[in-house]
1. In segment 1-54, what residues are β-branched (Val, Ile, Thr) and exposed (fewer than 10 other Cβ atoms within 10 Å of the Cβ)?
2. Six or more apart or on different chains, Cβ under 9 Å: which pairs go from a residue in segment 23-36 that's in contact (Cβ under 8 Å) with a residue 60 or more places away in the chain to one that's among the aromatic types (Phe, Trp, Tyr)? Could you list them?
3. Between residues in segment 39-67 that are of a type outside the set (Asp, Glu) and residues that are surrounded by 10 or more Cβ atoms within 10 Å (Cβ to Cβ), which pairs lie under 9 Å by C-beta distance while being six or more apart or on different chains?
Amino acid sequence: MVAQNNECMSSAVESLYLSNSDENIRKVARERDDFLRYQAKREATIKELTDENARLRKLLEDNGIKP
């Protein structure tokens, strides 16, 4: 390989590798952050809907209607 025999090319290859590695790490971190934010929103929505469902069931029962 050309880069193995040329010190300048080896340095350039290493620099490119490190810069791409940093970008990949940032990408993975962003994706994880997005996923955690999505999960938190999803759990909050499920809790909100569960609470609303319970409230509506109680309202039905209080008015003599079987759900």
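Laboratory data are not the source of any read-out in this text; all were calculated from the coordinates shown. Since we're looking at a predicted model, the values are computed, not measured. Here the Cβ is made from the backbone with ideal geometry for all residues, glycine too, and neighbour counts use every protein chain on show.
1. Val2
2. Nothing qualifies.
3. Cβ pairs passing all conditions: Ile65/Leu59; Lys66/Leu60; Pro67/Leu56; Pro67/Arg57; Pro67/Leu60; Pro67/Glu61.
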